[in-house]
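Contents: one structure, followed by commentary.
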Amino acid sequence: MNTIKIYLILFLLCTGSFFSYGQIEGEVIKPRGGKFLLKNATVVTVTKDTIQNGSILINNGKIEAVGTDFDASDAVTIDCSGLFVFPGMIDAGNQLGLVEVNSVAETQDFAEIGDLSPNMQALTAINPNSVAIPVTRVSGVTTSLALPSGGIFPGTAALINLNGYTSEHMYAEFKGVVMNFPSSVRRGAYDRRTEEEIKKETEKSLKQINEIWEKAVVYQKLDSANAELDYYPEMEQMAKVVAGELPLLVEVNAAADIEAAIKWVESKKAKAILTGVAEGWRVADKIAQAKLPVITGPVLSLPARQSDRYDAAYTNPAKMLKAGVKVAIRTNDAENVRNLPFNAGFAAAYGMGKEEALKAVTIVPAEILGVADRLGSIEEGKNATLFIADGDPFETSTQIKHVFIDGYQIPMTNRHIRLYQEFLERSPGLER
Amino acid sequence: MKRIIYILSAFLSINLAVGQTPVKKGNVLIQNATVLTITDGVQEETDVLVENGIIKKIGKGLSAPSNTPSINAKGKYLMPGIIDAHSHLALSVVNEATSPITAEVWMGDVVDPFDVGIYRALAGGVTVSNAMHGSANAIGGRNITLKHRYGTHNPEELIMTEAPRTIKFALGENPTRVHGRGKGIQPRSRMGVEAIIRNGFNEAIQYRKAWENYKKASGLKNSTAVPPKYNLRLETLADILEGKLIIHCHSYRADEINMLINVCKDFGIKNIVFTHVNEGFKVAPELAAYTLGASVFADWWAYKFEVYYSTSYNAAILAKNGVITSINSDDAELIRHLYHEAGKTQRYGELSDDEALAMITINPAKQLGIADKVGSIEEGKQADLVIFDKHPLSIYAIPQMTFVDGVKYFDINEDKNDQRIKVSPTEVVEPIFLGDHDHKCMHGVEMFEETGEFFGTH
Amino acid sequence: MTKFYKQTFLSFTVAGVFSFFSYGTFAQSDPTGERRVTGTYAITNATVLAAPGAAARTATIIVKNGLIDQIGNNPTIPLDAQTIKGDSLFVYAGFIDLTSTVGVAAPSIPERPANFDPSRPAPVYVGITPQYEVLNYFDALEEDADKWRKTGVTTLHLLPKGEGMLPGTTAVVLNGQKGASNVLSSSGSLYVRFQTVRGLSPGTTLGIMAKWREIYQNAELSAKHQTLFAGNNGVVRAEKDPVLEAFFPVINRQVPVLFEVSNELDIRRVLGLQKEKGFNLIVSGVNEGSSLVPVLKASKAQVVISLDVPDDNAFKKEIKEASEEVNDNLERVKEAYLARLALATNFEKEGIPFAFGSTNVKSEDFLKNIRLMVENGLSEEAALAALTTNPAGMLGLERVLGTVEKGKLANLVITTDSLFKKTAEVKHVFVDGYLFQYETNGESNESDKSKKNDLTGAWDYETVTPQGSSSGLMTIKNEDGKYSGTITFDDPEGSGSKSADLSNIKVSGKTLEFQFNVDVQGMSISVSVSGEVSGNEYEGKLTIPDFGSVPFTASKSPDSNI
């Protein structure tokens, strides 16, 4: 009896690798954990040299071993001959999971009422079952930073891995308070305010922010001295920023605003990350001097000004990088976060180069968000969050074959793929 | 005298057609390129000779008259100018949203040659675009096919006069929101959209009959026949019934696509292209059998409820089912990298290079009725050409030069930063346009929408 | 009386006011003392610039019976002539404003019926009323007329007011003595413009172009039908459509179309329409388009250049420590500004005759802007022609207006110096032989301030939109001569009432303009209101960029001054 059981288990284990492609009629394929051995791959570690004919051992959610010449008989083996392994890509800024259908207001959960709402937690509003999540992760984007928006301090962003059924499963150990820096520029052709009006409004906003900050400083001081303060959730959260426990994600785009934001951040001695930074190339030196990291994107954007070069947005990341800025790339999208590699590809073509562009969506965002010990490259001890492709993941002709998140093999299926399978050859066809 | 003019025009490359707006035409010899002809395979190390705006010869080792500029394209790729079958570039107004049928309006009246977006499209290799009415109405206005001859003050120079007439239809959420929910007039539902369209066609039939009767009667001696009222809207609808215009219908849901296919069958309309059609793949056999195809997004979905159940494999499924499929942008940002959008059909559906490139060249040309003039590199066709430094379907490809009618309108090495033709005399602080795509399909209809809802939608 | 007057003379009665006929009545006692002593004047030894391009000559002008009776070196001065010493003065023919709205009121629009369909509105709701004649809505307020008279405008080509694309037909009146009959010509041009009524069809330029073509075509068919009906039995009755009938004189080339534009693309559209049907065309509001010269020449359209010059803040701007790119952009802006000012010069060089129109221009800026153009290359001859002979020709009144010649109407502008010098001021104006005198030597009109309406206080306003009427409260304060204020309105996002600060408050005479921002879904829309104050009432319109205008009225309770 026992031998039959063993043979059965062995049989299932050996054929297990075939089950990872697509779906068998009627059966639902779930993410599965376990021990996996990826063999004969070209391993693009990102932080170290690329390994030819390499192997990776995945166990207990971690990369247990990386190298050549080792085996693991008790692991599910995936033959990766002719294939490439990359660390899972990180999109450091989007609304994935916070909205389902953008035109249906009931499905929008990224914006709250009020200017000061830093206590709003993006993490808990994320829908782990959003249809867009499986659509995204099959592209190799495994990790994503969910951003609240609207108002001055819209909320606290959270980094999530794109696998799991609860926010605890998905949480990837980074939170940051978002701040929309006041804009001093004309917002598009419909903005008919005069120069003075714009200036006044910007000053008013900045004054408001400074007042909030001052209050937060006081709150933090009193709170750390163990005073008993009245319930003030907004200040509680801001105090964490003042204390440096949570970084500030400063969303700012126009050149003049970026300069103002840098000055402000330095004057408050706040721990900050600049996000958006569409015109960063205009003030790249100043950003580099201030040693502020940048999360920019989407790269596939129109230039900010009518008088700008047509490729202003494409060349933006490269120009900032050349000036010495730490640059990560984001999509700032919701349902098409899967286009992160293509944004990186354009950045690569327009000055950044393939290597740096790959870093900009793997190790660099990991470092900026303080999770580089777990994510962003293929190294022993890091999370087994990676993907296997048959070529350069930035190229549209490449197929992504397998995706692992936290050591779980993700089913390479989603609504788009299922619809493809159903309708490629519709039955009945034209006639009944 | 005529002969002298002909010879002169060959030298000066100027079209001296009397009475028409002169269109610039050029000569050029492109040498040693990898030529992606689209209709005749890939030809390595091949020359293309352009004379007076027409592709005169394709071959190896061609020679050209001494005053024809030549370009060494060794190691580079030459493909036909990209055609976008759904765009709102270069239009001062997009929607006349005051009535559910506005077939009487014509986008040719509102062409704006100063739109810097045209230059940006040229920098992305796009030479022809279908400047369309918006999607606010069940039957919108007549579109205008444009050639991106950027740099002129005269809107007529942008119009591709030899292109056949096309007209915009729209189904689904947009017309029902603008008219039904926004103003309380039909249509309010997909039922109403069909009714409005059928009403329009039936009225047009009566209108045409009345005019035919009048023409017959007034030809007789001592006729006292009185002309009926002239109605440009019904004129246009009657022309559609006679096959004189190609319908481009904005639609998403499989059921509404099917509805319009049936309506067209009832009225004998064969010239219809469906655009967007995110659920087109669900009715691919019907589209293949009864229409001039589908013009789709590469991967946009989920921005409205009617595109929630769509797939990025749409283009591939349609193509594999024999539907003439093109990829469009409907967006000033997306149009700049249609070559990349076409490449997505290789990620989602593993289409071949030729199949993918056809989606932005010969297929949209067919859908606009200009496939005999543009859309591929063939002798006798107009010289709308793009040179890429790498294969256009690679993410790393960068367009180097773009030609329209053999005239170079974009050259990455001679590209000045500020490409605006006109500047406002009072604007000191330039406005900044950030991130959010200004989806022009619904431009100008905000006043009709329910209070408080502003849509950044298509 | 000349034959001309017999043909086009119309008596004009100001309601309730005792009407004066210039000719044919006999004088009576006047206890108000307003009546003039004599209608005969002698302007002695003035420098006369009789016509554009004519050499200046010293002459004495005799005005009698409303006409220029004599001009000469030493004419016999009639005994009943009042003498004006013209020794240091300059005399020009009175100016003609081709696009005036002095004293014109907008017609009232009837209330919309219950089942109103915005996609099929009756023409009267959407401003398609070409049959409206401007004289039916004309009641010149002396204050306004005088402001323009003071800047030398003696003849007004009146444009109908109202919403929509075809407000009506124009007329020519003299900017003359109140109570006198001042109508010169009642058969004016058909006035068209690219303007829509919010929410109604036609709603955009697209709709306007299509509507124009349709109306024109139907007018041609209707004319044919009417001819057929008039000459034959058994013809279906020709329905009389006032809108179509207003087009008959245009189709017959008896009357031109005056099409108002605001940019060069509009000009091209209008020229295209003209090419389609061949009607006589006057294009007004031309403010750009040097590239249009060849098309304009070929079209034989008449041109009215707008005197609405852009403000020079951008032109004067200097940015310190600017990058090369910023400087390049600023250069382009400055070039654009100069090109705008040189437009008239360009047209002159290319031989395109033009007139000037005052649309969107305040009377104080009329001469100022013309002088600005002369500074930028326009010849004085062309400028004067644009004010006198060219508009006279366009209106078909060259026989009686436009130059200082014996036998023409006594419309004269008399200035203290050559007209185009910055320091020149208008001292006397003759209209129809009536004399108007003005204070000169830099004296500002302090008296105007006392007549100013008190704008401060709390105003209840109401504005009508297709969704219904909406109302709120507008408060205006005046601190040290600076106006400020706030306005309340229903929050478009549904949460009750919101308040916004008023900005760009401009007060000029009776006109009050201001702007305020409405925030909807993260977008900030700038709403402008402009209108006129009389006492405690305010009437104007509220404009949202790209959408159009709706009426805006407000009234102040008398005890709410702050």
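Let me spell it out: the conditions are (1) surrounded by 17 or more Cβ atoms within 10 Å (Cβ to Cβ); (2) in contact (Cβ under 8 Å) with a residue 60 or more places away in the chain, and B:Lys244 meets all of them except one. Which number is the exception? For B:Lys244, the failing item is (1). Taken together, the residues in the stretch A:284-311 that are part of a helix (DSSP H, G or I) and either surrounded by 22 or more Cβ atoms within 10 Å (Cβ to Cβ) or touching a helix residue (DSSP H, G or I) at 6+ places or on another chain (Cβ under 7 Å) (or both) amount to 4. For B:Asn314, indicate whether it is surrounded by fewer than 24 Cβ atoms within 10 Å (Cβ to Cβ), at pLDDT 95 or above and at the interface with another protein chain (Cβ under 10 Å from one of its Cβ atoms). So B:Asn314 does not fit the description; no. Can you find a residue that is among the charged types (D, E, K, R) and closer than 25 Å to C:Ala122 by Cα anywhere in the stretch C:247-255? Checking the stretch C:247-255: not a single residue is among the charged types (D, E, K, R) and closer than 25 Å to C:Ala122 by Cα. When A:Phe153 is tested against (1) out of contact with any helix residue (DSSP H, G or I) (no Cβ under 8 Å at 6 or more places or on another chain); (2) buried (at least 24 other Cβ atoms within 10 Å of the Cβ); (3) aromatic (Phe, Trp, Tyr), just one condition goes unmet, and that condition is (1). Tell me, yes or no, whether the stretch A:363-372 has at least one residue that is of a type in the set (A, V, I, L, M, F, W, C), crowded, with 24+ Cβ neighbours inside 10 Å, in a loop (DSSP other than H, G, I, E, B) and not assigned by TED's automatic domain parsing to the domain that holds A:Leu145. No, the conditions are met nowhere in the stretch A:363-372.
Suppose the filter is more than 14 Å from chain C (Cβ to nearest Cβ), out of contact with any Lys or Arg (no Cβ under 6 Å at 6 or more places or on another chain) and not charged (D, E, K, R); does B:Ala163 pass it? Judged against the criteria, B:Ala163 is a match. Checking each residue in the stretch A:66-98 for being aromatic (Phe, Trp, Tyr) and either over 30 Å from A:Ser167 (Cβ atoms) or without any contact (Cβ under 8 Å) to a residue 40 or more places away in the chain (or both) picks out A:Phe70, A:Phe84. The set of residues in the stretch C:501-554 that are outside any strand (DSSP E or B) and either within 14 Å of another protein chain (Cβ to nearest Cβ) or surrounded by fewer than 15 Cβ atoms within 10 Å (Cβ to Cβ) (or both) comprises C:Leu502, C:Gln521, C:Gly522, C:Gly535, C:Pro545, C:Asp546, C:Phe547. For the stretch A:395-428, the set of residues classified as touching a strand residue (DSSP E or B) at 6+ places or on another chain (Cβ under 6 Å), of a type outside the set (A, V, I, L, M) and surrounded by 20 or more Cβ atoms within 10 Å (Cβ to Cβ) consists of A:His402, A:Phe404, A:Asp406, A:Gly407, A:Gln409, listed by residue number. Just to be sure before I move on: is A:Leu57 modelled with pLDDT of 95 or more and either among the aliphatic types (A, V, I, L, M) or not in a strand (DSSP E or B) (or both) in the structure I sent? Answer is yes for this residue. The sole residue among B:Glu350, B:Glu341, B:Glu355 that is over 17 Å from B:Ala121 (Cα atoms), within 14 Å of another protein chain (Cβ to nearest Cβ) and assigned to a helix (DSSP H, G or I) is B:Glu355.
Filtered by the rule that a residue be touching a helix residue (DSSP H, G or I) at 6+ places or on another chain (Cβ under 9 Å) and surrounded by fewer than 17 Cβ atoms within 10 Å (Cβ to Cβ), the stretch A:48-83 gives A:Asp74, A:Asp79. Restricting C:Leu435, C:Leu378, C:Leu397 to those that are in a loop (DSSP other than H, G, I, E, B) and under 21 Å from C:Lys64 (Cβ atoms) reduces the list to C:Leu397.
Among the residues of the stretch A:382-419, those identified as over 23 Å from A:Asn53 (Cβ atoms), within 20 Å of the chain's Cα centre (by Cα) and outside any loop (DSSP other than H, G, I, E, B) are A:Asn383, A:Ile405, A:Tyr408.
Return yes when B:Pro113 is closer than 25 Å to B:Ile387 by Cβ, touching a residue at least 24 places away in the same chain (Cβ under 8 Å) and within 14 Å of chain C (Cβ to nearest Cβ) and no when it is not. So B:Pro113 fits the description; yes.
For every residue, the table says whether it meets (1) touching a residue at least 40 places away in the same chain (Cβ under 8 Å); (2) within 24 Å of C:Leu258 (Cα to Cα); (3) of a type outside the set (Phe, Trp, Tyr); (4) assigned to a loop (DSSP other than H, G, I, E, B).
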{"position": "C:Pro110", "(1), (2), (3), (4)": "no, no, yes, yes"}
{"position": "C:Pro113", "(1), (2), (3), (4)": "no, no, yes, yes"}
{"position": "C:Phe116", "(1), (2), (3), (4)": "no, no, no, yes"}
{"position": "C:Pro121", "(1), (2), (3), (4)": "yes, no, yes, yes"}
{"position": "C:Asp144", "(1), (2), (3), (4)": "yes, yes, yes, no"}
{"position": "C:Trp148", "(1), (2), (3), (4)": "yes, yes, no, no"}
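The requirement of being hydroxyl-bearing (Ser, Thr, Tyr), modelled with pLDDT of 95 or more, on the phi < 0 side of the Ramachandran plot and buried (at least 18 other Cβ atoms within 10 Å of the Cβ) is not satisfied by A:Ser103.
In the stretch A:211-232, the count of residues that are in contact (Cβ under 8 Å) with a residue 60 or more places away in the chain, assigned to a helix (DSSP H, G or I) and within 30 Å of B:Thr426 (Cα to Cα) is zero. Given the condition crowded, with 20+ Cβ neighbours inside 10 Å, among the hydrophobic types (A, V, I, L, M, F, W, C) and more than 14 Å from chain B (Cβ to nearest Cβ), answer yes or no: does some residue in the stretch C:236-244 qualify? No, every residue in the stretch C:236-244 fails to be crowded, with 20+ Cβ neighbours inside 10 Å, among the hydrophobic types (A, V, I, L, M, F, W, C) and more than 14 Å from chain B (Cβ to nearest Cβ). For the stretch C:169-210, a residue qualifies if it is in contact (Cβ under 8 Å) with a residue 40 or more places away in the chain, in a helix (DSSP H, G or I) and at the interface with another protein chain (Cβ under 8 Å from one of its Cβ atoms), and the qualifying residues are C:Thr205, C:Met209. Out of the stretch A:93-121, which residues are in a strand (DSSP E or B) and either within 14 Å of chain B (Cβ to nearest Cβ) or under 27 Å from B:Lys304 (Cβ atoms) (or both)? Within the stretch A:93-121, A:Gly93, A:Asn94, A:Leu96, A:Val99, A:Gln108 meet the criteria.
So that you can scan it fast, the table gives a plain yes or no per residue for (1) under 30 Å from B:Met401 (Cα atoms); (2) among the hydrophobic types (A, V, I, L, M, F, W, C):
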residue	(1), (2)
B:Val283	no, yes
B:Lys304	no, no
B:Lys320	no, no
B:Glu355	yes, no
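Could you check the stretch A:347-356 and list, in sequence order, the residues that are facing chain B (nearest Cβ under 10 Å) and closer than 19 Å to A:Leu386 by Cα? Hit for the stretch A:347-356 is A:Lys354, nothing else. The condition (being more than 12 Å from every other protein chain (Cβ to nearest Cβ), small (Gly, Ala, Ser) and under 13 Å from the mean Cα position of the chain (by Cα)) is satisfied by just one residue among A:Ala328, A:Ala344: A:Ala328. Cβ separations smaller than 8 Å between residues 6+ apart or across chains give the following pairs from the stretch B:120-138 residues that are at positive phi to residues that are at pLDDT 95 or above and part of a loop (DSSP other than H, G, I, E, B): B:Gly125/B:Gly81; B:Gly125/B:Pro392.
The values are calculated or read from the model by the stated rules, or taken from the named source; none is laboratory data. As the structure is a prediction and not an experimental result, all values here were calculated from the model. Neighbour counts run over all protein chains shown; Cβ positions are idealised from the backbone, glycine included.
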